[in-house]
Amino acid sequence: MATPTGLITVDAVSQAFPLDDGGRYVALDRIDLDIAEGEFVSLIGHSGCGKSTLLNLLAGLSQASEGGILVNGRQVTDPGPDRMVVFQNYSLLPWLTVRDNIALAVDTVYPQLSAAERQDTVERNIQLVNLSAATHKFPAELSGGMKQRVAIARALAIRPKLLLLDEPFGALDALTRGNLQQQLMQICQESGLTAVMVTHDVDEALLLSDRVVCLSNGPAARIGRIVDVPLPRPRDRLEVMNHSDYYHLRAELIHFLQEQRRLKQQAAAHR
């Protein structure tokens, strides 16, 4: 494996899945990627290009068929508290309150801390996402945006080195999504958190990211392009959209996606 140059090193990673007919489907083909500490990276591409597959590999939820992944110099072989995933569907335990959902994670990862220290960690992260008024509510009593804030607070409470986000705002209305994007940017910047996010939204990717990794169509998806996003931080949505580089960057991402769609249509026509 190559010598790591960042917090995360994805080294020649390929991922294949067995098919019923004895063959195999290659989802990812020789992915190489370095991610620096404190960097926010988005993964974009059409459905089936392996974005979530790569996220699962980073999380340790599955193992690569070839190649490997290092986080902080250690090979990823299974899930761990240094990497936390925020899913689109929130993944909260419905029989636990907001506080108890977060406390369960803290108690599991940090049993060596005193009860007071664990409680302080829970309360601090509840305040971080502005949910102090909802601490005793159950998930069924919360809006979608509030549920996602609980999921983010639970992830942050165990102090991960890497935050992995799988279309975390995809199911939310535009206003809630915008508010949560702003909160996430602020949290990541203040804590120096490293994040990798899967998204289909070009504008979301540009707003949040330091780099956008564009994956080509599957099967055997590869990194087709990496777009640097040199927009100054801290960022505000309106200021970002008014920046002189914004529409050039947006056009570059959309052109890539349109080209991949054209290639997919051509491939389908020749089958």
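The values are calculated or read from the model by the stated rules, or taken from the named source; none is laboratory data. The model shown is predicted, which means the values in this text are computed figures rather than measured ones. Cβ: placed from backbone, ideal geometry, glycine included. Neighbour counts: every protein chain shown.
Points worth noting:
- The residues of segment 184-200 that are buried (at least 17 other Cβ atoms within 10 Å of the Cβ), outside any loop (DSSP other than H, G, I, E, B) and not aliphatic (A, V, I, L, M), listed by number, are Cys188, Thr194.
- Of the listed requirements (1) part of a helix (DSSP H, G or I); (2) within 27 Å of His255 (Cβ to Cβ); (3) touching a Phe, Trp or Tyr at 6+ places or on another chain (Cβ under 9 Å), Ala27 misses just one: (1).
- Within segment 214-232, being more than 30 Å from Arg24 (Cα to Cα) and either exposed (fewer than 12 other Cβ atoms within 10 Å of the Cβ) or of a type in the set (Ser, Thr, Tyr) (or both) holds for Asp228, Pro230, Pro232.
- Here Arg177 fits the description: closer than 25 Å to Ser91 by Cα and either in a helix (DSSP H, G or I) or aromatic (Phe, Trp, Tyr) (or both).
- Of the residues examined, Thr97 is one that is touching a residue at least 24 places away in the same chain (Cβ under 8 Å), surrounded by 15 or more Cβ atoms within 10 Å (Cβ to Cβ), over 23 Å from His200 (Cα atoms) and among the β-branched types (Val, Ile, Thr).
- Of all residues in segment 84-119, those satisfying the criterion of being closer than 21 Å to Gln148 by Cβ and either touching an Asp or Glu at 6+ places or on another chain (Cβ under 6 Å) or assigned to a loop (DSSP other than H, G, I, E, B) (or both) are Phe87, Gln88, Asn89, Tyr90, Ser91, Leu92, Leu93, Pro94, Trp95, Leu96, Thr97.
- Criterion (under 28 Å from Gln181 (Cα atoms) and buried (at least 16 other Cβ atoms within 10 Å of the Cβ)) met by exactly one of Ala59, Ala64: Ala59
- Selection within segment 30-56 - part of a strand (DSSP E or B), crowded, with 21+ Cβ neighbours inside 10 Å and among the hydrophobic types (A, V, I, L, M, F, W, C): Ile31, Ile35, Phe40, Val41, Leu43, Ile44
- Candidates in segment 115-162 are the residues that are among the polar types (S, T, N, Q) and crowded, with 18+ Cβ neighbours inside 10 Å; of these, the one that is farthest from the chain's Cα centre (by Cα) is Thr121.
- Scanning segment 214-245 for residues that are outside any loop (DSSP other than H, G, I, E, B) and either touching a Lys or Arg at 6+ places or on another chain (Cβ under 7 Å) or within 30 Å of Asp11 (Cβ to Cβ) (or both) returns Cys214, Leu215, Ala221, Ile223, Gly224, Arg225, Ile226, Val227, Asp228.
- Where His248 falls short, out of the listed (1) in a helix (DSSP H, G or I); (2) closer than 16 Å to Leu43 by Cβ: (2)
- Residues of segment 155-174 satisfying the condition of being in contact with a helix residue (DSSP H, G or I) (Cβ under 9 Å, 6 or more places away or on another chain), under 24 Å from Glu117 (Cα atoms) and either at pLDDT 90 or above or part of a helix (DSSP H, G or I) (or both): Ala155, Leu156, Ala157, Ile158, Leu162, Leu163
- Qualifying positions in segment 148-179 - basic (Lys, Arg) and under 30 Å from Asn72 (Cα atoms): Arg149, Arg154, Arg159, Lys161
- The listed residues are Ser14, Ser42, and the only one of them that is modelled with pLDDT of 95 or more, closer than 20 Å to Arg225 by Cα and within 15 Å of the chain's Cα centre (by Cα) turns out to be Ser42.
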